[in-house]
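Only one structure is covered here, and it is reproduced in the block below.
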Amino acid sequence: MAVLLITGSTGIAAATAQRALAAGDDVFTAGLEPPVDLEGDLRDEGICDQAVVLCLERYGRIDALFNCAGISGRKFGDGPLHECSNEGWDITMESNVRTMFLLSRAVLRHWMHTGAQGAIVNMSSVLASSPAPYHFASHAYAASKGAIISMTRAMAAYYAPHGIRVNAIAPGLVRTPMSARAQANDQILEYIAHKQPLSKGMLEAGDIADSALFLMSESARHITGIVLTADGGWSVTA
């Protein structure tokens with residue numbers, strides 16, 4: 001039985017929490033919207049530190065962290081770079097990268113202080129390395145997910161001697177509240193049916209939850225520094 005700290009309350013985060021609980025793991029969730037164990041803005045250092053403290057108070061340890069919370073900045077002005085607003089850029093980078101930095105730092109400080117070992121899984125996206133310029137030209141989002149991959153590999157290299165593993169997941173398009181725009185667009189749905197041939201359309205949140213749980217598990221004890229591309233074939237399909 002493991003103790004998992006998961007950020008986010010919907011979509012992939014919710015599916016991961018549900019499957020972990022069903023398997024007998026203990027789960028502590030933190031995010032902006034209920035239902036979570038700690039409700040707060042994870043761009044706030046104090047909220048991230050509090051999440052770690054409360055999880056430790058409840059369960060006594062943290063075995064793995066899943067940095068799943070994040071946003072699409074489209075409604076704030078993210079888009080092609082020449083059209084991207086300052087707000088769209090800043091909010092996207094803060095919500096997707098700063099939150100991951102703050103939560104990871106808080107957990108790593110605990111592990112390094114106590115000598116504990118653990119696993120971190122960071123949420124990236126297939127758009128970090130396989131752009132789709134016609135339907136998904138959100139450049140702040142792609143940049144944030146690329147930064148997450150770079151941070152993951154740097155962390156993995158540094159913390160491996162301490163028995164701490166750090167990996168990332170790069171999903172394709174998943175059926176979650178964040179992809180509501182795509183779900184309502186027939187052209188995008190047709191595109192995804194071609195682009196993700198293994199799933200013949202959108203992936204389900206549970207598909208990515210399975211990948212996250214594997215990377216946090218003892219079964220992945222020799223795996224660190226990878227980007228698991230769970231994209232239904234997106235990255236190898238023209």
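Scanning segment 163-220 for residues that are in a helix (DSSP H, G or I), under 14 Å from residue 132 (Cβ atoms) and in contact with a Phe, Trp or Tyr (Cβ under 7 Å, 6 or more places away or on another chain) turns up just one, 195. Residue count for segment 33-43 satisfying the condition of being free of Cβ contacts under 8 Å to residues at least 24 places away in the same chain and surrounded by fewer than 18 Cβ atoms within 10 Å (Cβ to Cβ): 3. Hey, among 160, 238, which residue is part of a loop (DSSP other than H, G, I, E, B) and surrounded by fewer than 18 Cβ atoms within 10 Å (Cβ to Cβ)? Being part of a loop (DSSP other than H, G, I, E, B) and surrounded by fewer than 18 Cβ atoms within 10 Å (Cβ to Cβ) holds for just one of 160, 238, which is 238. Scan segment 136-150 for residues that are touching a Pro at 6+ places or on another chain (Cβ under 9 Å) and either in a helix (DSSP H, G or I) or in contact (Cβ under 8 Å) with a residue 60 or more places away in the chain (or both) and the total you get is 3. Checking each residue in segment 186-208 for being in contact (Cβ under 8 Å) with a residue 40 or more places away in the chain and out of contact with any strand residue (DSSP E or B) (no Cβ under 9 Å at 6 or more places or on another chain) picks out 187, 188, 191, 194, 195, 197, 206.
If you check 51, 30, 20, 14 for being open to solvent by less than 40 Å² (accessible area, probe 1.4 Å), over 19 Å from residue 120 (Cβ atoms) and either outside any loop (DSSP other than H, G, I, E, B) or of a type in the set (Phe, Trp, Tyr) (or both), only one passes: 14. Scanning segment 90-135 for residues that are within 12 Å of the chain's Cα centre (by Cα) and not in a helix (DSSP H, G or I) gives 120, 121, 122, 123, 124, 125.
Residue 5 fulfils the conditions (1) at pLDDT 95 or above; (2) out of contact with any Lys or Arg (no Cβ under 8 Å at 6 or more places or on another chain); (3) not in a strand (DSSP E or B) except for a single criterion, (3).
Just checking, does segment 81-91 include any residue being of a type in the set (Val, Ile, Thr), open to solvent by 20 Å² or more (accessible area, probe 1.4 Å) and free of Cβ contacts under 8 Å to residues at least 12 places away in the same chain?
no
The values are calculated or read from the model by the stated rules, or taken from the named source; none is laboratory data. Just so it is clear, the structure is predicted and the values come from calculations on it, not from any experiment. Using ideal geometry, Cβ is built from the backbone for each residue, glycine included, and neighbour counts are taken over all protein chains shown. The accessibility values were calculated without ligands, DNA or RNA, using every heavy atom of the protein model including side chains. Shrake-Rupley method; radii C 1.70, N 1.55, O 1.52, S 1.80 Å.
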